[in-house]
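To start, the structure itself, in structure tokens.
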Amino acid sequence: MTVPTGRFAAYWERRLDKLEAKERRRAQQLTAWRNRRHRRPLAVVLVAADLVLIGGAAGFRVGDTWVFPVLWLTGILVGGSAFVLLRTLTGVMCGGFSRLLDEREREWRHRVTYTAYQILSYLMVIAVFYCLLIAGTEDGGSRGAMMLSALLVTGTTIPPILLGWSLPDDDPADFEEAIGHA
């Protein structure tokens, strides 16, 4: 692994410092919700929204006037809201740099990322088989693209779902420490 030098290294350090400051501010948001009792229902809502997206994609027909748009927009709005909340409640573990994580958080992130990668790979295999199955039907290309999109969105929501469901409750002392450094 190469170590950046010169102006690039200074830029990178400033960028990481900004991300660290942003994460400290985000750590102070919704502190009362950072427990399983609040994260698990959000994970269930996100899974339900993903299923609505997949159902909308499965029922997609070109020229459909309301079923697909209603299902798709509902899935995106509800799922997007749950996704943003879960990302906030699980902290930087879903997508932060390793420098910002302690050993426990780094281990959680690696485990969840590996599992999510495997699930996303299986979802893409399902999408390929779905596309092959409907290739000869009317609007097969459009329907395949919609299913691929729905499964890809579903795959990208796996890390916050897994973290939201399985993370233990946060220690309140961690928040006092974060507030003291701010």
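Just so you know, all these numbers are worked out from the coordinates, no wet-lab data involved. None of the values given here were measured: they were computed from a predicted structure. Quick reminder, even Gly has a Cβ in these numbers, built from the backbone with ideal geometry, and neighbours come from all protein chains shown.
General remarks:
- Packing-based ranking of 34-44, 12-22 yields 34-44, 12-22, ordered from highest to lowest mean Cβ neighbour count within 10 Å.
- √(5λ) per eigenvalue of the Cα gyration tensor, the range 38-169, largest first, Å: 31, 17, 9
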